[in-house]
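These notes concern the structure reproduced below.
Read-outs throughout are calculated quantities, based only on the coordinates presented, and are distinct from any laboratory measurement. Worth saying up front: this structure is predicted, and the values here are computed from it rather than measured. Cβ placement follows ideal geometry from the backbone for every residue including glycine, while neighbour counts extend to all protein chains displayed.
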Amino acid sequence: MQFTYKKQEKLKSKKLIKLLFENGKKITVFPIMLLYLKIEHDSDYLIQAGVTVSKKNFKNAVDRNRIKRLLRETYRLNKPFLYEKLENKYIFMFIYLGKEELKYQLLDTKMKELMNRFTHKITEK
RNA sequence: GUAUAAAGUCGCCUUAUCGUUUCGAUUUAUAUCGAGAAAGGAAAGUCCGGACACCAUAGUGAAUUGUAGCGGUUAACGACCGUCAUUACGUUUUUAACGUAAGAGGACAAGUGCAACAGAAAGCAAGUACAGGUAAUGCUGUAGUGAAACCAGGUAAACUCUACGAGGUGCAAUGUUACGUAUAUUGGAGUUCUAAGAAAUUAGAGUAGAGUUAGCGCUCAAAUCUUCAAGGGGUAAACAGCUAAAGUUAAUUAGUAAUAAUUGACGUAGAUAAAUGAUAAGGGUCACGCUUUAGCGUGAUACAGAAUCCGGCUUAUAGACUUUAUUUUAAA
RNA sequence: GGCCACGUAGUUCAAUUGGAUAGAAUGACAGAUUUCGGCUCUGUUGGUUGAAGGUUCGAGUCCUUCCGUGGUCA
């Protein structure tokens, strides 16, 4: 499995996103919050993931884009770790809660911690 | 050389690793390989003007709304260029001229409205003080009030008038496909029998069916049924529109200029919870400090992210460079 | 992405078609009343009218450009 993040892996359907926000479960490792939901979707990949940043916290489009790019990058590089342990299909949404931009290395460690917690929760069941 | 102001130009670079979007090839498919390209001067605000699309549309007038010295540029404009009145400041040889900057500026000799306080008076009128003048009188001048006054007064970024222009809605326009389902309403076609008639149709039966009843039955009866179309309700998927264009740039010519013409060169993003990146290393530029005139260390490297496409305007912007003007310093 | 609307004391609203010092209620503060508090009465306070320009003798009001807030569409 490679470090890819293609069109097929992105969460695009408005319907799914709506479902996710209504029924999804949360895990938070500040400043990242993960919303996830176990659901059968059409993609060939196990996970469809999206990324979002609030307009309230970051007013300029440039800053929002920067954060989203960082989040995507951390997800992309840590993805194989998740795929080793997963069996069912999921949809993800990463939400950035912080009000200031963090450095890449910090975000990377946070993302790893977040994924650890997620796999714990799944395997417990 | 320093500082300030105005105008204009540029607005970080290189390498490595891992990725995203597009196209092509291979493959059942995951995917693999190859190819080139990938954010701005404002992409922003949406303040104007167009292209393009759909809808509407005989003509004329009215209403609504925009513009407003004169001339030019342009696809077009409320933009741009030139120029004049006017205003402000400065200088001089001071009833004027020159320089710099501003410059939404048609008409109050068509009508209506408005002008606080002050003032006799800011209009369907009334008349103060002083002086002059008359047969006589606000008849004339000055003073005083005020932003404005014995005047065809002022005011149109007041209504209005004049001249010229403007159909509406916007790529979430619009077209095609897919998914999918309650059916109000409207229209067409179809579905029983008998009689009359050439036919449209009319009259009757009470069949299919509908309503009601526990049921028998009773009532209605081809529409309340079927089907097709319009219409309406929902879903939020795909493709086209979608990027080569009033294109960018250099030289020459015409023009005071905006700009135009000719020739040469270039071929320039196309996403949709929204790509154009992330990390590491090195370099450039600027500031500060140390040492010392060549290095070292630390910090900074702006404003900001395409969403149908162009032409302007407005606003944000670290730093660098060019030109012009002014000030001051040093040298010759 | 397109298209609209609205900004006045801490809060909710006024301001006669441009005319003076921008008002009212409520709130806040002080005093009176009360043993104390509330109610009530009296007084005081608080605004660069979202910002910057312009027109005008004079702008909350007219014009232009920005800033902020909200709405709408298939």
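In debye to the nearest 20, how big a dipole does the range A:7-124 give about its Cα centre with +1 on each Lys and Arg Cβ and -1 on each Asp and Glu Cβ?
In debye, rounded to 20, the range A:7-124 gives about 540.
So between residue A:113 and residue A:21, what do we pick up on full extension, going 0.36 nm a residue minus the alpha carbon distance?
Fully extending the segment from residue A:113 to residue A:21 adds 30.9 nm.
Where does each of A:3-15, A:64-76 land if you order them by average Cβ count within 10 Å, highest first?
Ranking, from highest mean packing down: A:64-76, A:3-15.
Got a sec? How would A:100, A:40 order by Cβ neighbour count within 10 Å, fewest to most?
A:40, A:100
Kyte-Doolittle mean at least -1.0 and Cα extent at least 15 Å along the axis: which DSSP H helices of chain A qualify?
A:104-124
Determine the alpha carbon to alpha carbon distance for each of A:6/A:99; A:59/A:85; A:59/A:79 and list only those over 32 Å.
Checking Cα-Cα distances, A:59/A:85 exceed 32 Å.
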